[in-house]
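What follows is a single structure, written as structure tokens, with notes after it.
Every read-out reported here was derived from the displayed coordinates using simple, explicitly stated rules and does not represent laboratory data. The structure presented is a predicted model; accordingly, all values stated were derived computationally and were not measured. Virtual Cβ from ideal backbone geometry, glycine too; neighbours counted across all protein chains shown.
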Amino acid sequence: MSASSAARPSSAAPASAARLGVDPHRDLSDYDPEADLMVLNMGPQHPSTHGVFRLKLHLDGETIVRAVPYVGYLHRGVEKLLEELTFVQATPIVDKNDYVSPMTNEQAINMAFEALLGIEVPRRARYMRTLFAEMQRIASHLLWLSTFGIDMGGALGGGTTLFMHCFREREWILDLFELVTGARFHYNTHTIGGNRHDIPAGWAKQVHTTLDLIASRIDEYLELSTTNSIFVARTRGVGILPKELALELGITGPILRASGVDHDLRRDAPFHAYDEIEVKVQTEPDGDCLSRALVRVREMKESIRLSKLLVDGIPEGPICGARPIKNPTQFKAKEGQAYVALETPRGELGTYVIGGGKNKAASPYRLKIRPPSLHALSALPYLLPGHSISDTVVILGSLDPIMGEADR
Amino acid sequence: MIPPIVLHGLIYGGVAAIALLTLTAWGIWFERKFAGRMQSRLGPTMVGWAGLLQPLADVLKLLQKEDLVPAQADRTLYLLSPPLTVFFTLATVAVIPFGVDVAVANLPIGVPWILAFSGLMVFPVWTAGWASANKYALLGAMRAVAQGISYEIPMLLTALVPVIFAGSMNVNEIVRWQAEHHWIALWPPGPGLFAFVIFFLSCLAEANRIPFDIPEAESELVAGVTTEYSGMRFGLFYLAEYLHTLVASAVASALFFGGWNGIFGLPDGIHWMLAKTLTLFFLITWIRWSLLRFRADQLMRICWTYLVPASLALVMISALWVHYAPQLGPMWGG
């Protein structure tokens, strides 16, 4: 390769990457492979890759010159599996996709099926779904903050202190979900047309107590993290994702908002009961790891506020708009298609489903899930070059990837 | 007939080594218990009352584990490095005065001895990383060497401050001078205390403690230099790390806080040394479980742009003080 082509980004790279000065397909032939470069396979077994994720790093000293992410170690063929199952059997399967936020996964698949089958969801169920989604967002962001602490503070140190405290708070939210659904994690509580479990008596009071307690403690955790000078030194100006690149890569959610794009499906394309409440969208202009952390922390506070509003505003009425399920092939879809996108804690989770028609009416003919984590990971080849190994775990942690969702 | 000085060294050395190893074992227990309480957990509870026998159980478990040597490893260096780390750390103990005239060796070059063996610690860590034939271990070793060499400088310079005040390189003499005059950390206001702070930070870096635990950095480098080690060889690294923390606390309390010298006229003795050492050990533990970790280059920047110039200035101020303070009158500590 000539020097001029090495200086110019490859044609496969987006135009905004050129403005950033990073070439993800950088030609490494001007390096002496014996002396200058070290190839380090970070993962799939590594403490900080947030699951089985592999990152091939070309290192010059400790500085990364090229990073190639490899996904697929957790591929379970979920989309194909769902084509074999009927509509009503799908919910417990997608629970395992984004295992940090199962509620929103259940909602996404059931909303897609409802759109395909033309089933209305009663108002009470829509409120409950919104409330569960917001509480799940708090739990998910708490887990993100705790693991982000471990990424920076180590498994033996201040990071674990942050981790244990955030996990305790997350447990309380799981306790609340357990009171409703009987399960702590894989709820299987949403169904086509509404919800399976109604909220028990006195639950709203417990939600208020728990959320007040969490709200009073969040500031304490911020002293361990976003207002801590070491945290700021590690995250400010690290892994800057420009607005244009984020848009070109299809990145959504808190990462996009931290890059200064005011985009949130909860406000811009309201689903559930979001058209009845006002969501304050949190943005940050800088696009570095600190901005992503700040956006998530503020979203956590905003979600506490929304959850309190929602739990007081749940109307009376039925919780399911369809007949109770008697057999797995109860719902039959006509030929047609539906795409539903909703805002999960990680961004836009899209579900595209094609109805089967005559021969395969009770299950999807074709199903595609658009996971926000996969798109977030696609930013890594642009973010990592020029940073050190220490920054790698910080940048990866700030993207908050869930491999169960990215690999499906 | 064994000469009495050798006999003295053997007995005192044996007792000091065993006492320190025991103290380290229960230091680890304390740290685990403290970390547990800090994180709203219980810490070890199952082995013995309040988990007090947990260190013994850990050692037994480590001894039973398979002693793996990677096929690509440099066998000699790989096997030699862990015991060497413990040896170099224990060698430092020789000149620390634990009580009035209780020291393994009353060396006139005590301070250089401590610094020399502390500096030698870099070698077993480096050879361990190199011999492991593992990329993470190599990166960890590189970081350890860079960090060890850099932080050696402020540590050495700040250790000179007590030497300048006491006019002796014998640690025992430095403590005696402090018992007769005043603790160096408290008077004269400024240089002694700041020297202690910088010395303490350098010790944290030398002992690979958060916020300076870059060579291990398990979230980045899996386990740094100890990635390939298993069983008791890993245990020895672990032991050396805690031993280093404890010894560093002891050295700091001897150099800056008057060692065995009591407060408020209470009788001097080994209990004061123990109390001061454990207080500093507690402080290190507290810092460790509260803070996050710096990045390697930030660590270097802190050392070279802040700590080195500051410690140079402290040495200068101390020398000027010792020279000019007597002319100011007796109340200035001349």
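Take peptide A:149-155, look around each residue's Cβ out to 10 angstrom, count Cβ atoms belonging to other protein chains, and average those counts. It would help to have the intermediate numbers written out before the result.
Values: counts 2, 3, 4, 8, 10, 11, 3.
Whole-number average of other-chain Cβ neighbours for A:149-155 is 6.
Say we join alpha carbon atoms closer than 10 Å with springs in a Gaussian network model of chain B; which of B:97, B:124, B:70 then has the biggest fluctuation?
B:70
Show the residues, 5+ positions off or on another chain, whose built amide H is closer than 5 Å to the amide H of residue A:348.
Under 5 Å from the amide H of residue A:348: A:252, A:253.
As I understand it, the value is the acute angle between the Cα axis of helix B:270-288 and the longest principal axis of the Cα atoms of chain B; what does it come to in degrees, rounded to 10?
Between helix and principal axis, roughly 60 degrees.
Anything over 18 Å Cα to Cα? Flag those among A:332/A:360; A:96/A:368; A:56/B:135; B:33/B:276; B:61/B:135; A:80/A:368, in the order listed.
Numbers: A:332/A:360 8 Å; A:96/A:368 16 Å; A:56/B:135 13 Å; B:33/B:276 20 Å; B:61/B:135 28 Å; A:80/A:368 9 Å.
The answer is B:33/B:276; B:61/B:135.
Could you size up the charge dipole of the protein assembly as shown around its Cα centre, putting +1 on the beta carbon of Lys and Arg and -1 on that of Asp and Glu, and report it in debye to the nearest 20? Walk me through the numbers on the way to the answer.
Working: 61 positive and 67 negative charges, 316 e Å.
Dipole magnitude for the protein assembly as shown comes out near 1520 debye.
I'd like the distance between the alpha-carbon centres of segment B:163-210 and segment A:42-99, rounded to an integer number of Å.
With segment B:163-210 and segment A:42-99 each reduced to a Cα centre, they are spaced 53 Å.
Give the residue from B:108, B:192, B:170 lying farthest towards the positive end of the charge dipole for segment B:72-333; charges sit on Cβ (+1 for Lys and Arg, -1 for Asp and Glu) and the dipole is referred to the Cα centre.
B:192
Just counting partner chain Cβ atoms within 10 Å, what average do the residues of peptide B:282-292 show around their Cβ? Don't jump to the answer; show the numbers that get you there.
On the way: counts 0, 0, 0, 0, 0, 2, 6, 7, 8, 11, 21.
Other-chain Cβ atoms within 10 Å of each residue's Cβ, averaged: 5.
Be a star and scan segment A:153-183 for residues whose amide nitrogen sits under 20 Å from the point 7 Å along the Cα-to-Cβ vector of residue A:216.
Answer for this model: A:165-176.
Could you let me know the centre-to-centre spacing of segment A:273-337 and segment A:103-143, using Cα atoms, in angstrom?
If you average the Cα positions of each part, the centres end up 6 Å apart.
Determine the relative contact order of segment A:309-354: mean sequence separation of Cα pairs under 8 Å and six or more apart, normalised by residue count, in whole percent. Write out the running numbers ahead of the final one.
Values: 23 pairs, mean separation 11.9, N = 46.
Across segment A:309-354, relative contact order equals 26 percent.
Hand me the GluC sites (Glu not before Pro) from segment A:294-367 located in a DSSP loop with no more than 15 other Cβ atoms within 10 Å, in residue order please. Don't skip to the end; give the middle numbers.
Details: sites: A:299, A:302, A:316, A:335, A:343, A:348; in loops: A:316, A:335.
Loop-located and lightly packed - A:316, A:335.
Show me B:260-271, B:111-122 ranked by packing, highest mean number of other Cβ atoms within 10 Å first. Show your work: numbers first, answer last.
Working: B:260-271: 13.7, B:111-122: 20.2.
Final packing ranking: B:111-122, B:260-271.
Any idea how far apart residue A:267 and residue A:179 come out in nm if each label point goes 7 Å out from Cα toward Cβ?
Reported label-point gap for residue A:267 and residue A:179 is 3.1 nm.
So for the protein assembly as shown, taking the charge dipole from beta-carbon charges (+1 Lys/Arg, -1 Asp/Glu), which of B:122, A:192, B:265 sits furthest toward the positive end?
The listed residue farthest towards the positive side: A:192.
Please get the size of the charge dipole for chain B, origin at its Cα centre, with Cβ charges of +1 on Lys and Arg and -1 on Asp and Glu, quoted in debye to the nearest 20.
Values: 17 positive and 18 negative charges, 114 e Å.
Dipole magnitude for chain B comes out near 540 debye.
Top mean-square fluctuation among B:317, B:96, B:184, Gaussian network model of chain B, C-alpha springs under 10 Å?
Answer for the Gaussian network model of chain B: B:317.
Using θ = phi - 60° and the Karplus curve 6.51 cos²θ - 1.76 cosθ + 1.60, what whole-Hz ³J(HN,Hα) does each residue of segment A:336-342 get, with Gly and Pro shown as x?
x, 8, 8, 10, 10, 10, 9
If the reach is capped at under 17 angstrom between alpha carbons, list the aspartates and glutamates near residue A:301, excluding any in the same chain fewer than eight residues apart.
Of all the aspartates and glutamates, those that pass the test against residue A:301 - Cα under 17 Å, at least 8 places apart if same chain - are A:134, A:169, A:212, A:219, A:220, A:223, A:264, A:278, A:284, A:343.
Kindly rank B:168-181, A:221-234, B:13-26 from highest to lowest mean number of other beta carbons found within 10 Å of each residue.
Details: B:168-181: 20.5, A:221-234: 18.4, B:13-26: 15.6.
Per-residue Cβ counts within 10 Å, averaged per peptide and sorted highest first, yield B:168-181, A:221-234, B:13-26.
Once you average over the residues of B:219-226, how many Cβ atoms of partner chains fall within 10 Å of each Cβ? Provide the component values of the computation, followed by the final result.
Working: counts 18, 15, 8, 5, 2, 0, 0, 0.
The mean count of partner-chain Cβ atoms within 10 Å per residue comes to 6.
Going by average Cβ density within 10 Å per residue, which order do the peptides B:149-159, B:244-254 take, highest to lowest?
B:244-254, B:149-159
State the answer as a single residue: which of A:387, A:90, A:61 lies farthest towards the positive end of the charge dipole of chain A, with beta carbon charges of +1 for Lys and Arg and -1 for Asp and Glu, about the Cα centre.
It is A:90, whose Cα lies furthest towards the positive end.
Contact order normalised by length for chain A, with contacts defined as Cα pairs under 8 Å and 6 or more residues apart; what percent is it?
On the way: 783 pairs, mean separation 102.6, N = 408.
Computed over chain A, the figure is 25 percent.
Give the angle, between 0 and 90 degrees and rounded to the nearest 10, that separates the Cα long axis of helix B:110-120 from the longest principal axis of the Cα atoms of chain B.
20 degrees
Using only the alpha-carbon atoms, what does segment A:319-408 span along each of its principal axes? Please give whole angstrom values in decreasing order.
Cα extents, longest axis first: 56, 29, 17 Å.
Take every Cα pair under 8 Å in chain B that's 6+ residues apart, average their separations, divide by the length, and report that relative contact order as a whole percent. Mind dumping the intermediate values first?
On the way: 514 pairs, mean separation 71.9, N = 334.
It comes to 22 percent, rounded to a whole number.
Can you tell me the 0 to 90 degree angle between the C-alpha axis of helix A:123-153 and the longest principal axis of chain A, rounded to 10?
30 degrees
Build a GNM of chain A with springs between Cα atoms under 10 Å: which of A:287, A:202, A:357 gets the top mean-square fluctuation?
Result: A:202 has the largest fluctuation of those listed.
Given H placed on each backbone N at 1.01 Å, which residues far from residue A:54 in sequence or on other chains put an amide H within less than 5 Å of it?
For residue A:54, whose amide H was placed from the backbone, the distant partners under 5 Å are A:70.
Counting Lys and Arg as +1 and Asp and Glu as -1, each charge on the Cβ, what is the dipole of chain A about the Cα centre in debye, to the nearest 20? It would help to have the intermediate numbers written out before the result.
Working: 44 positive and 49 negative charges, 273 e Å.
That gives a dipole near 1320 debye.
Cα centroid distance between segment B:50-115 and segment A:221-243, in Å?
If you average the Cα positions of each part, the centres end up 37 Å apart.
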